[in-house]
Each structure stands twice: as C-alpha cells, then as structure tokens.
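Report on one structure; see the data block that follows.
The values are calculated or read from the model by the stated rules, or taken from the named source; none is laboratory data. Treat the numbers as computed from the prediction; the structure is a model and nothing was measured. Cβ sites come from the backbone with ideal geometry, for glycine too, and all protein chains shown count toward neighbours. Please note that ligands, DNA and RNA were not included when accessible areas were found on the heavy atoms of the full protein model with its side chains. Shrake-Rupley method; radii C 1.70, N 1.55, O 1.52, S 1.80 Å.
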Amino acid sequence: MTLAAVAGIPPESTQQALGYPSLFLLVVIGALVPVVPTGALVSSAAVVALHQTAPFSLLVVFAVAAFAAFLGDVGLYWLGRRGMRSKNGSRWLEAIRDRAPEERLAQAQAKLKDHGVLVLVLSRLVPAGRIPVMLACLLAKMPLRRFARGNLPACLAWAATYQVIGILGGSLFKEPWEGVAVAVVLTLLLSLAPAAWRRVRRAHA
C-alpha cells in the first residue's frame, strides 16, 4: 500500500501533483539544452492523462507543455542574444552554433527571409529544425519580443502535435505503459526520419 493510499489521497491526484511539475521542468530543460526528447515526454504525458478519470487532464498537459516550451525557447534565445553582445560570446551561443549545420542554417536563413516569423511554427514541428531557425533569427538580430510573438503559436502547435501522437498511441491499448511505449517509439522515429533521409540522399548523390 502506498503512502498516498494510507493518507486517503487518490492515486491520480498524486500522479498529477508530481507529474505536471516534472513535465514542466523537463520540457524547459529540454528547450534550453536540446538533448532531452521533449516530444516523447509530451506524448507519454498525454497517454497517462488519457487513461485518467480526472477532468481536463489532457488540457492541462497541453497547457503545461506549451508554456514550458515557450519559456525554454525564449530563455535560450535571450541567452543567445546576450552571447552575441558579449565580447567573448557565451557557451549557450556556441551550443546553438554547434547544433546548426551550415547547410541547415543557410536553409533557415532563406526561409526566414522569405516568410518571416511564420517559419518559427514549422521549425518547432520539423525534427531538428528549431535550432537552425533560432540561430538564423539571432544572426538577423531579431528582437526578443518579435521572436516571442512568433514562437508562441509554434509552441502551441508543437504541444498539440505531440499530444495527438500520445492520444493515438494510448487509445490503442488498455494499459498506459503500452501506450507510452508506442508514443515514445513514434516520436523517436519522427525525430530520426529527417536525418536518415538526408543520409540516403547524400549516399545516392
């Protein structure tokens, strides 16, 4: 018997009390340090919320994920702008540069020039597309406020997309862990697909 059960606290309430702050922190960290698979986290949280009886669980997951992604992106962009203004740069700016190959950066700069902040929405939906577009915005000296306005719908679309993946995976199975496993596999496949496609094209070229 768990401590929550002894105290008379419903298990779902305990999961929510621990799960939502954890989701928020992990998504923020994943936005600041682009190594955490945040899409898989959101999909997994959506699976768990789908199997709960508490009302509005999916809506809360969506709001927490979108808000955390927005704060993380704005924070990373602010750190990047600070690095560009400093004499010796910053480790955050270098981290952004290291994760933006020249080819992807050139494509992002061209799209930013043609479409403006609208390209931010697609950058959040395309795996590995966020960092090159963010660096292109930094090099274009886009003001933080303008970046934030364009990034808000991008984070909303991102959270909705990965939540739908979780809902689709979770609806196929009765046990939440099975839906989580499917959601994680789907998100990892989506994240790896563009890189694999580029390697195939280079091999044929």
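Structure values in brief
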| item | result |
| --- | --- |
| Simple label model, 7 Å out from Cα along Cβ direction - R145 to R85, nm | 1.4 |
| Carbon/sulfur fraction of accessible area - the range 19-141, other protein chains in place, 1.4 Å, % | 65 |
| Additional length obtainable on full extension of the chain from V126 to I29, 0.36 nm per residue less Cα span | 33.0 nm |
